[in-house]
Amino acid sequence: MGAGATPNAENPTERRPVVRCGTAVSVNGSEVVVAITKVSACDQCRAKLLCASMSGSVETVTARSLTPIKPGDRVRLELSRRAGMLAVGLAFLLPLLTLLAVFALVSELGGGEAAAGLAALGAIPVYYLLLFTQRRRLARRIGIDAYAANANPNTVRADHPDRTYGEGMQ
């Protein structure tokens with residue numbers, strides 16, 4: 001998106017959520033655990049039998065259930081683009097900036113390169129520990145929504161009255 005551009009009807013992918021499908025493993029109130037099979041580009045590779053990559057691995061995701069779901073049901077998971085960008089920033093960008101800032105600070109305060117490097121590397125576990133302590137608060141902002149795959153796509157969503165269940169689905 002260019003300078004000064006805003007998301008609008010001309011570029012609808014900017015507002016679409018990230019959508020994945022999986023199978024409900026367990027349901028506890030409004031929380032559902034969903035199994036998702038990760039598929040990678042390795043599936044087309046001829047050397048995949050000799051490779052140690054984890055292509056086709058199954059991961060579980062805990063999501064907020066917004067429609068009735070039972071274990072074994074097919075489930076659509078949605079993550080807003082904004083929440084996804086926030087998660088990427090918190091997981092990768094902020095730690096990098098923390099590492100660089102601590103390195104520069106310790107270097108400027110007269111510490112040698114070795115001391116600055118060790119301090120910068122030591123700051124990363126502290127950053128992730130602080131992030132871990134805020135996980136419940138962050139989960140509210142970076143929540144993954146789960147919908148039964150058979151939910152009527154034209155039904156207006158209770159959580160977002162301006163959207164329907166079918167938005168963002170391929």
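The values are calculated or read from the model by the stated rules, or taken from the named source; none is laboratory data. Because the structure is predicted, anything quoted here is derived from the model rather than measured. No Cβ is skipped: glycine too gets one built from the backbone with ideal geometry, and neighbour counts run over all protein chains shown.
Residue-wise test of (1) of a type in the set (A, V, I, L, M); (2) not in a helix (DSSP H, G or I).
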site: 63; (1), (2): yes, yes
site: 77; (1), (2): yes, yes
site: 117; (1), (2): no, no
site: 129; (1), (2): yes, no
site: 140; (1), (2): no, no
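For segment 77-106, the set of residues classified as among the polar types (S, T, N, Q) and modelled with pLDDT under 90 consists of 80 only. Scanning segment 147-165 for residues that are buried (at least 16 other Cβ atoms within 10 Å of the Cβ), assigned by TED's automatic domain parsing to the domain that holds residue 74, among the polar types (S, T, N, Q) and modelled with pLDDT under 85 turns up at least one hit. In this structure, residue 127 qualifies as within 28 Å of the chain's Cα centre (by Cα), farther than 30 Å from residue 65 by Cβ and surrounded by 16 or more Cβ atoms within 10 Å (Cβ to Cβ).
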